[in-house]
Amino acid sequence: MKQFLMLFLVVSVILSLIAISLESIPVQETSDNPQKIKVLLDIAGENDLLPLVTKHLLEAFGKIENVNVVLEIEEGVSYVLSVVLVEARAGENKQKTDNIAACVQFLDYFDNNILKPDVAVSNWERVDNLTENLIEHSQVGLYLFSKDGLGKMTNGVVSKFQELFLEKNK
């Protein structure tokens, strides 16, 4: 019985020491909030359309939890959403018709600064591969709508973005 009690005491001490040593190991906390994906919103077009379209796109992207939209290039940008707007005009006076065409390009982020050293040393194969990569990883859509349909268009653009990029990253 003495041997059993001694063995029990030794095992208890060893287990206590193991428990104490495990408690001192730092634990990395897992975050419930995944890091937000940065999207550069690049809009060009007639000045009276820019604020309106920007506002609608920011609101539409604001509904997605893990996306942070920026309006200027900064570190950590993963995707670019490029929008070029043209308002239709008709008649001899070229009066605006309130109909808008938007060319929307969705791209995986591509920094063309990496091409400069390649061009400098005439590494055309690498330049060609990078250009091909840019083309393969971009999608272009054309939207035609009236100013009244701006909300529908921006929601469509955001849905397409989610389909192209966010769903494949899950």
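In this simple spin-label approximation, Ala44 and Glu74 carry label points 7 Å from Cα along the Cα→Cβ vector, and these lie 2.3 nm apart.
Here each label is just a point 7 Å from Cα along the line to Cβ, and for Asp148 and Leu52 those points are 1.3 nm apart.
For Glu132, the accessible surface of its heavy atoms amounts to roughly 90 Å² (probe 1.4 Å, protein chains only, rounded to the nearest 10).
Placing pseudo-labels 7 Å out from each Cα toward the beta carbon at Asp118 and Val11 gives an inter-label distance of 6.5 nm.
The values are calculated or read from the model by the stated rules, or taken from the named source; none is laboratory data. These figures come from a predicted structure and were not determined experimentally. FYI the Cβ positions are ideal-geometry reconstructions off the backbone, even for glycines, and counts take in every protein chain you see. Note: accessible area is taken over every heavy atom of the protein model, side chains too, but ligands, DNA and RNA are not part of it. Shrake-Rupley method; radii C 1.70, N 1.55, O 1.52, S 1.80 Å.
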